[in-house]
1. Tell me, which helices (runs of 4 or more DSSP H) lie completely within the range 74-188 with 1 or more residues that are modelled with pLDDT under 55 and surrounded by 12 or more Cβ atoms within 10 Å (Cβ to Cβ)?
2. Out of the residues in the range 411-439 meeting the condition of being surrounded by 17 or more Cβ atoms within 10 Å (Cβ to Cβ) and small (Gly, Ala, Ser), tell me which one is nearest to Ile241 (Cα to Cα).
3. Of everything in the range 312-351, what is in contact with a Ser or Thr (Cβ under 8 Å, 6 or more places away or on another chain), over 19 Å from Asp235 (Cα atoms) and in contact (Cβ under 8 Å) with a residue 60 or more places away in the chain? Give them in sequence order.
4. Considering each residue of the range 458-474, count those that are over 38 Å from the mean Cα position of the chain (by Cα) and small (Gly, Ala, Ser), and give that number.
5. Checking the conditions here, which among Ser411, Ser423, Ser442 is without any contact (Cβ under 8 Å) to a residue 24 or more places away in the chain and not acidic (Asp, Glu)?
6. For Lys477, are the conditions met, namely being farther than 12 Å from Ala410 by Cβ and part of a strand (DSSP E or B)?
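The values are calculated or read from the model by the stated rules, or taken from the named source; none is laboratory data. On a predicted model such as this, the values are computed, not experimentally measured, just so you know. Cβ coordinates were reconstructed from backbone atoms using ideal geometry, including for glycine residues, and neighbour counts include every protein chain displayed.
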Amino acid sequence: MKVENKPKLLTLDIQYFNGIKNLDNQKPAINNKDERIKAMQEAFESGDASEVAANIMENFENNMIHFQTMMNTVMKEAKQADAEQWDDQVLASRGVRILTTEEKKFYNAAIEAQSFNDVIQLMPPTVFERVFEDLEKEHPLLSLVNFQQTGATTKWVVRKPGNPAAFWGDVTAAIQEMLDEGFQTIEQGMFKLSGFLVVSKAMFELGPKWLDKYVRAFMKEVVSDEMENAIVNGDGDKKPIGMTRDLNGAIVNNKYPLKEKKVLTEFTPKVIGKEILAPTTKNGTRRYTGVTLMVNPFDYAMKFFALGAKQKDDGTWTFDNYAVPGLTIVQSPAVELNTMIVGKPKDYFMGVASQQTLETTDVLRMIEDQRLYLIRQLANGRPLDADSFEVFDITNLNVLNPNAPMNLTASNITSTGLTVSWSQVTYDNGISNYEIFRNGISVGTSKTLSFTDSGLTADTTYEYAVKVIGADGQQSKLSEKLAVATLPSV
């Protein structure tokens, strides 16, 4: 199966939308692009303005169909809702929410002006807050990260690795002693996550609720992938420090180095305990309370899905069942292929400024009836300490289940008993035993290649099946059934 790498995200956190072509390949969607890029450079006060401006213009041009499709979808739903008189419950199921008084005031003012230009200052913070709420619902990793509202500049007080949070001493001992010994203060500024919002005049005719739905949907696309990518891979250069970065490594050109990956080739209980669970205890100073494995969706499908798939005695299957207490697997496209990040997402702190901005200037008008607005969100994040997360290379991870036994035969058949035998099964991680089923019910196990069943009823047909239990806890599916009839009673 061919796997296409995810397109590289553009600099300064401008979201890139993949796979969208121009409306008309014969004609540029935007005229005078060079002049517009030059003008847009002046709209940015920091960073490589030329590259940022060029990227925004290229994104807008390449994604014209995508933007228009989003707007058309919302307009179509709005017309259907009006025609069918949807109630609040149906609207909520379609992502249309009840607006606050301030939100209604903001959107009504925009609708009256047919633009956000003169009403941006009225935009309430709840619009942005709802965007992050939606993100957390739709992106499992973001829902587990420790998001906190902060100011533009913050101080983080974190415990020094291995040091206690409380001290015994004289009643008059200075509080400063505890602070000096057990904690450290980290000065943390904020970086801008910049994106853009495209709005046509027709969108202002839909009413506040539907305009709000569109604005939030667009903002989610702008923020979601890049926010998650920064949490996982951010190098600290004008962006957060990701889980995969080494906080103790040498910083070069303001960038933190990647953690060295540990090679993981087995997923047996012994290896899981040593390499994955034990590090979460901080050398025994913390109780094990669970761990999260973060993997790419493709690796989940190819390497981990089979591990969590278990067949019940009745032949049905259950999924995401891992024989490890407190183990959770989270899929994230931001995680590199053949890579697994291990830790507790709550140990990643993401500070999000309580104020966000929506900006526009005359140079941001792209084509007739459509307007581009800049979305600015101040945010920054980092792991709480250098060993909060481990990174593994799972390229050669062996996650195959043992094969089912074959060639079942019956011997020593009497009126009350019989012996079932099968061919030997080879499994890289070793065989613990074989489990035998009679008429779909487990009747025992065997460490050899046969099982003697007794206490049966004469002149009765029974169906037998066998499965393998590997030394690593993995199980095979049930073998083909063997029907055997006991002898009549004498």
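1. Helices (runs of 4 or more DSSP H) meeting the threshold: 175-182.
2. By that ranking, first place goes to Ser432.
3. Scanning the range 312-351 gives Asp313, Val330, Lys344.
4. Residues meeting the conditions: 2.
5. Result: Ser411 is the single residue among Ser411, Ser423, Ser442 that is without any contact (Cβ under 8 Å) to a residue 24 or more places away in the chain and not acidic (Asp, Glu).
6. No: the conditions fail for Lys477.
Each row is one residue, and each column tells you yes or no for (1) more than 14 Å from the chain's Cα centre (by Cα); (2) at pLDDT below 90; (3) surrounded by fewer than 22 Cβ atoms within 10 Å (Cβ to Cβ).
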position	(1), (2), (3)
Ser224	no, yes, yes
Ile231	no, no, no
Lys238	yes, yes, yes
Ile241	yes, no, no
Val271	yes, yes, yes
Ile276	yes, no, yes
Arg286	yes, yes, yes
